[in-house]
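Presented below is the structure to which this report refers.
Derivation of every value follows stated rules applied to the coordinates shown; laboratory data play no part. The structure presented is a predicted model; accordingly, all values stated were derived computationally and were not measured. FYI the Cβ positions are ideal-geometry reconstructions off the backbone, even for glycines, and counts take in every protein chain you see.
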Amino acid sequence: MMRTYPYSHAATARKERQIWDVLRAYRQSAQQIANDQWKSLFITGGLEKDGPICPADHVISKRYRQTCQRQVVGVLKSWLSNRKNDFRMLVTHSSLGKDQTENGEHLRIQLFFINKHGLWFKDRVVMRKETIPPEVMRLARNIFRRLMNMHNKPSFRHVGMALDAKVARVEAPNKAHNAEFPYWLTLATLNPRKPIHIPLYENPYALAADGDEKAFVQINVRRGTAIDGRPGALDIARIKEAAPVFSLERPRPQIVDTLGIDVGLRTLVATSMGELLGRNLIDRLSHLDAQISRLAAERQRQGLPVRSRRYDTLVNRLRSFLKNEIGRVLNGLFARVHPAKVVIESLDFRSPDLSRRLNRLVQNFGRTWFRQKLDMLSEQYGFLVEEVHAAYSSQTCKSCDYVAKNNRSSQSKFHCRFCGRKAHADPNGAEVIRQRRSLPEYALWRTKRQVLQATVGRFLKRWSGRLSGMQVDSALRRVVESNPYFADFRTALWPGSTPTG
């Protein structure tokens, strides 16, 4: 697995200006190359990673253009891969997916074949020695165009540079050995045969990490530092291929088949094994919320834009805190526990205790970084990640499957009104999430009503025989009869009964 490690640099102002000149030209070329690649997709039906590039359209050198084209094609392929997933979901859950006739099944297979191989814009496609009809090709193109219109295409206006050894090299100095600068970055500029040399500080974290250094350098603009047209701070990062995590010297981890994870802001992570990790996260977020809200209100009162250097500093502090806390909790969890599969709910980082502004910041960044970190760890430790619908998981008992709004009396207390079980609410929710794995009725595209019907159905499958034989004055029968979630099932359970709530 590849990991990125930032390195502080000591570039002079002149060298920073030269880097900015390269970066601006690189971004212009990236956008032009992206336009050419879209034309290639629409005309030839595919992207060309090593296709010809017209030098008249670009300021950067041929080596830079080759590097830039590979980066752009990688971004576009990733975007197209997401649209392939959307295409498959759209066909599966449309009327085409419900047509069980032989013709309907054959049509789905043809559409999935076109989508799998990215052949939407090909003039002629052959599947199993059979040419796919033109009307099916038109249908596939129309579906894909609809998906393209629903999602913005990647923009390269603010792209960072991902550079290989053709234009950027990091080396130890041959003559001058300064302990403060153990590495120097040699970077090609817009002036032929006039590279610049930038001293880099050591990164102790990268030095301690096991793995092999790759001949690859990233140059980005630090988030939140480019304000009012001013150039932002430049960040330089190196790539290292992480070594295997399994070692005889480390404590033996606990091996589990499936691990359920419940995510929140009061307790960041609760597991189906009963662990509560990252407690009282909301307290620190509330403190930052007060600072950000107070600053935003003051600037609005003065008639100034909310964005400022101080505002961006506070937002970056919030992002850094969330990133560090998520990384600390997940790294510690998977160092101790090695699951084969991790089941998580559809992530929601909002809290009624935070302002609307901070909820938006936390939701956008926290959800993205949590999923990215989990994907990184899944590659590192080799487990699968499955996301299930979160609706009613906090109100469902993990022991008897009974679901009721009053099962959860507070943030931390769970008391099942049917079986009487008492537990901490978060680990109970994590176990319910674990139990929903691989069940199609809890897929993300289901509505909350469908999820509720599935949850009630699971409960009745276990207990309907016992419930139907209960007397009218039975305590358990009264509990279920008074539950509005079971309103549609009362008549089937107790014919002739009168609704009680």
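Quick check on the exposure proxy: order Lys98, Lys15, Lys323 from fewest to most C-beta atoms within 10 angstrom.
Lys98, Lys323, Lys15
Which distance in Å, rounded to a whole number, links the C-alpha centroids of region 1-28 and region 353-394? Here the two parts' Cα centres lie 31 Å apart. One chain, two ends: Gln254 and Lys116. Fully extended at 0.36 nm per residue, the span grows by 45.9 nm beyond their Cα-Cα distance.
Note on Lys323 and Arg466: with the Förster distance fixed at 35 Å, the Cβ-Cβ geometry gives a FRET efficiency of about 0.10.
Legend: residue pairs Lys77/Lys129; Lys373/Lys448; Lys373/Lys405; Lys49/Lys214; Lys15/Lys323; Lys175/Lys214, Cα-Cα distance threshold 25 Å; pairs beyond threshold, Lys77/Lys129; Lys373/Lys448; Lys373/Lys405; Lys15/Lys323. Residues Asp212, Asp86 in ascending order of nearby Cβ atoms (within 10 Å, fewest first): Asp212, Asp86.
Listed from fewest to most Cβ neighbours within 10 Å, the set Leu80, Leu333, Leu444 follows the order Leu444, Leu80, Leu333.
Scanning residues 5 or more positions from Val337 or on other chains, those with amide H under 5 Å from its amide H are Gln254, with H placed 1.01 Å from N in the peptide plane. Full extension of the chain segment joining Asn331 with Asp375 gains 14.6 nm, where the gain is 0.36 nm per residue of separation less the Cα-Cα distance. Computed from the alpha carbon positions, the gyration tensor of the chain leads to an equivalent ellipsoid with semi-axes of 49, 33, 22 Å, biggest first. Site pair Gln450 and Leu384 shows an inter-label distance of 2.1 nm when each label is modelled 7 Å from Cα along Cα→Cβ. Maximal additional length on extending the Met2-Arg309 stretch stands at 107.2 nm, based on 0.36 nm per residue less the C-alpha distance. Applying 1/(1 + (r/R0)^6) with r as the Cβ-Cβ distance of Asp212 and Thr491 and R0 = 45 angstrom yields a FRET efficiency of 0.10. Share of pairwise Cα-Cα distances greater than 17 Å in region 26-150 is 61 percent (whole percent). The HN-Hα couplings worked out from phi for region 282-288 by the Karplus form 6.51 cos²θ - 1.76 cosθ + 1.60 (θ = phi - 60°) are 5, 5, 5, 5, 5, 5, 5 Hz, whole numbers, x standing for Gly and Pro. Volume per residue for region 254-388 equals 99 cubic angstrom (convex hull of Cα atoms). Just so you know, the Rg over Rh for region 353-501 is 1.05, from Cα atoms, with Rh as the Kirkwood radius. Think of the chain as a dipole: +1 on every Lys or Arg Cβ, -1 on every Asp or Glu Cβ, centred on the Cα centre; then among Val263, Tyr26, Pro427, Tyr26 lies furthest on the positive end.
Can you work out the FRET efficiency for the pair Thr12 and Arg279, with r the C-beta to C-beta distance and R0 = 51 Å, to the nearest 0.05?
Efficiency, from the Cβ-Cβ distance: 0.65.
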